[in-house]
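**Q** Mind having a look at this structure? Questions to follow.
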Amino acid sequence: MRTLPLVTHTSLDETVAWRKGTAISVEKFLTDVAYLAALLPHGKHVLNICRDRYHFMVGLAAAIISNKVSLLPPTHTPEMVQQLQAFSADVFCLHDNDDCDIALPQLRYPVVMPEHHSVNMTIPQIDAQQLVAIVFTSGSTGAPNPYSKSWGSLVQNVQAQSSRLGLSANINYSIIGTIPPQHMYGFESTVLLPLQSGNALSSAQPFYPADICSTLEATPSPRILVSTPLHLRLLLEAKLKLPELALVLSATAPLSTSLAHKVEASCKAPLLEIYGSTETGQIATRRTAQAMEWQLLPEVRLTQHGEHIWAEGGHVETSVPLNDIIETVDLEHFLLHGRTQDLINIAGKRSSLANLNHHLNAVEGVIDGAFFMPDEVSHDHVTRLSACVVAPSLTASTLLTALRVRIDPVFLPRPLLFVESLPRNSTGKLPRDALQKLIAGYIGQDIGSAGLKNTR
């Protein structure tokens, strides 16, 4: 049986987390893990919704050493909770919120943890084949699908990431994330990465630019910021003085080259973009300001099966079809051309929502924007794209003029709606149904309608 350590820090005195300005040692972490593990209910499956990232990490580790499985769904809505119960009747909820309303048996994270430290404490060794997590897809095309993650595959994944990021064993990094630890990207890059690279996480989950800056200031350097295009764009627009950064990571949504250049110039640090999915975990990276090509992580391969590209090898335990339009360059590199379900064909001309959104957000004065493809065609059988945009300094005519230079007129949005903000979730993603409801609310009728005038 092959085993792998729960943490790779070489000393119990090393820092594994920063919480409210206080360093938490590996020894303290393992003490907290053992204490919480003794409190866990008998159920096999854990829904860990702890907001504090350190609490989440302790809950994850306590579940692992207790041979329990952490469930990581895309949302915590009542409907999703019901689906989790149908998936596993013994699931219970671990939380650190006084007003938790999850309709499951609950265990609150202890407000006070013991200070006792054992002189004989050792780092737990975990069977590489042990199932430690089940992640669920977003369910945008149906019911969420579960994907099992073994300890060995997760460790191999983040250790490959650590190597790709160039994290030195002689440098202790502080990793600050703006995304939840329950999200696959946050799970890998803000929880597992510090555990398996000898570095420390920040317990905070800042969202607003001022909070991001204050969290960075309260955390020792060298610092790695794990974020999203939405958070990075808002951070730059706030024009706040940023503490020194060693590296910036971005994922969950396409990152434009222009934004990548601006982030690197403002942060004075390299920005690496991560490509992956719930099904595969992270499988490739690129430095977006310097290259369009993505480089696969070691041992991961892309193969063509029918009309789809599949990922396999490395930490990807079973061959998985990718929902993206991919052009392979060589065995290690590829180009990404958007998602397969985003393909658009209007009047014989082809594009993708990703391409159109790229051009929309590249217009000077646009803070955020997204195109929407309706489910139904209009009465004249010509599909009409809609778009929502946050651009307080622009008019519809100015924006449409700029778009005509960038995209074919057949793809110009009708209607073009100016809104105060887009309904993005905590990871910066824009759910299709949320965008559909927003547009329907603005136009006051079915989203399939056409011929509506632009607002503003």
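The values are calculated or read from the model by the stated rules, or taken from the named source; none is laboratory data. Just so we're clear, the structure is a prediction, and the values are computed from it rather than from any experiment. Counting neighbours? That spans all protein chains shown, and the Cβs are built from the backbone with ideal geometry, glycine included.
**Q** Does ASP98 satisfy being touching a strand residue (DSSP E or B) at 6+ places or on another chain (Cβ under 9 Å) and surrounded by fewer than 16 Cβ atoms within 10 Å (Cβ to Cβ)?
**A** yes
**Q** Which of the residues that make up the stretch 314-333 are assigned to a strand (DSSP E or B) and farther than 28 Å from TRP151 by Cα?
**A** ILE325, ILE326, GLU327, THR328
**Q** Further, regarding this structure: Please give the strands (runs of 3 or more DSSP E) falling wholly within the stretch 143-213 in which 3 or more residues are of a type outside the set (Phe, Trp, Tyr) and farther than 21 Å from PRO229 by Cα.
**A** Answer list for the stretch 143-213: 146-150.
Here's the yes/no breakdown for (1) modelled with pLDDT of 95 or more; (2) out of contact with any Pro (no Cβ under 7 Å at 6 or more places or on another chain); (3) closer than 17 Å to LEU247 by Cα:
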residue	(1), (2), (3)
LEU201	yes, no, yes
PHE207	no, yes, no
ILE212	yes, no, yes
VAL226	yes, yes, yes
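**Q** Quick check on the stretch 6-44: of everything there that is assigned to a loop (DSSP other than H, G, I, E, B) and touching a Pro at 6+ places or on another chain (Cβ under 8 Å), which residue is surrounded by the most Cβ atoms within 10 Å (Cβ to Cβ)?
**A** LEU6
**Q** Quick check on LEU322: is it assigned by TED's automatic domain parsing to the domain that holds SER189, at pLDDT 95 or above and not hydroxyl-bearing (Ser, Thr, Tyr)?
**A** no
**Q** Residues of the stretch 214-233 being without any contact (Cβ under 8 Å) to a residue 40 or more places away in the chain and in contact with a strand residue (DSSP E or B) (Cβ under 9 Å, 6 or more places away or on another chain), which ones?
**A** THR215, LEU232, listed by residue number.
**Q** Just checking, which of LEU360, LEU336, LEU356 is of a type outside the set (Phe, Trp, Tyr), touching a strand residue (DSSP E or B) at 6+ places or on another chain (Cβ under 9 Å) and surrounded by fewer than 21 Cβ atoms within 10 Å (Cβ to Cβ)?
**A** Among LEU360, LEU336, LEU356, only LEU336 is of a type outside the set (Phe, Trp, Tyr), touching a strand residue (DSSP E or B) at 6+ places or on another chain (Cβ under 9 Å) and surrounded by fewer than 21 Cβ atoms within 10 Å (Cβ to Cβ).
**Q** From the list LEU416, LEU400, which one is modelled with pLDDT of 90 or more and either β-branched (Val, Ile, Thr) or over 15 Å from ALA370 (Cβ atoms) (or both)?
**A** Just one listed residue meets the conditions, LEU400.
**Q** Within the stretch 57-101, how many residues are in contact with a Cys (Cβ under 8 Å, 6 or more places away or on another chain), part of a loop (DSSP other than H, G, I, E, B) and under 19 Å from ALA38 (Cα atoms)?
**A** Adding up the residues that qualify gives 1.
**Q** It is to be established whether one or more residues within the stretch 188-210 are over 22 Å from VAL58 (Cα atoms) and either of a type outside the set (A, V, I, L, M, F, W, C) or touching a strand residue (DSSP E or B) at 6+ places or on another chain (Cβ under 6 Å) (or both).
**A** Among the residues of the stretch 188-210, at least one is over 22 Å from VAL58 (Cα atoms) and either of a type outside the set (A, V, I, L, M, F, W, C) or touching a strand residue (DSSP E or B) at 6+ places or on another chain (Cβ under 6 Å) (or both), which makes the answer yes.
**Q** Next question. Identify, by number, the condition in (1) in a loop (DSSP other than H, G, I, E, B); (2) at pLDDT 95 or above; (3) touching a Lys or Arg at 6+ places or on another chain (Cβ under 9 Å); (4) buried (at least 20 other Cβ atoms within 10 Å of the Cβ) that LEU216 doesn't meet.
**A** (1) is the only condition that LEU216 fails.
**Q** Return the residues of the stretch 238-259 that are within 22 Å of the chain's Cα centre (by Cα) and in a loop (DSSP other than H, G, I, E, B); say none if nothing qualifies.
**A** Within the stretch 238-259, LEU245, ALA246, ALA251, THR252, ALA253, PRO254, LEU255, SER256 qualify.
**Q** Related question: Of the conditions (1) without any contact (Cβ under 8 Å) to a residue 60 or more places away in the chain; (2) surrounded by fewer than 18 Cβ atoms within 10 Å (Cβ to Cβ), PRO298 fails just one. Which one is it?
**A** If we test PRO298 against (1) without any contact (Cβ under 8 Å) to a residue 60 or more places away in the chain; (2) surrounded by fewer than 18 Cβ atoms within 10 Å (Cβ to Cβ), just (1) comes out false.
**Q** Does ALA62 satisfy being touching a residue at least 12 places away in the same chain (Cβ under 8 Å) and of a type in the set (A, V, I, L, M, F, W, C)?
**A** yes
**Q** May I ask you to list the residues in the stretch 260-313 that are small (Gly, Ala, Ser) and either in contact with a helix residue (DSSP H, G or I) (Cβ under 7 Å, 6 or more places away or on another chain) or not in a loop (DSSP other than H, G, I, E, B) (or both)?
**A** Within the stretch 260-313, ALA260, ALA265, SER266, GLY276, SER277, GLY281, ALA284, ALA289, ALA311, GLY313 meet the criteria.
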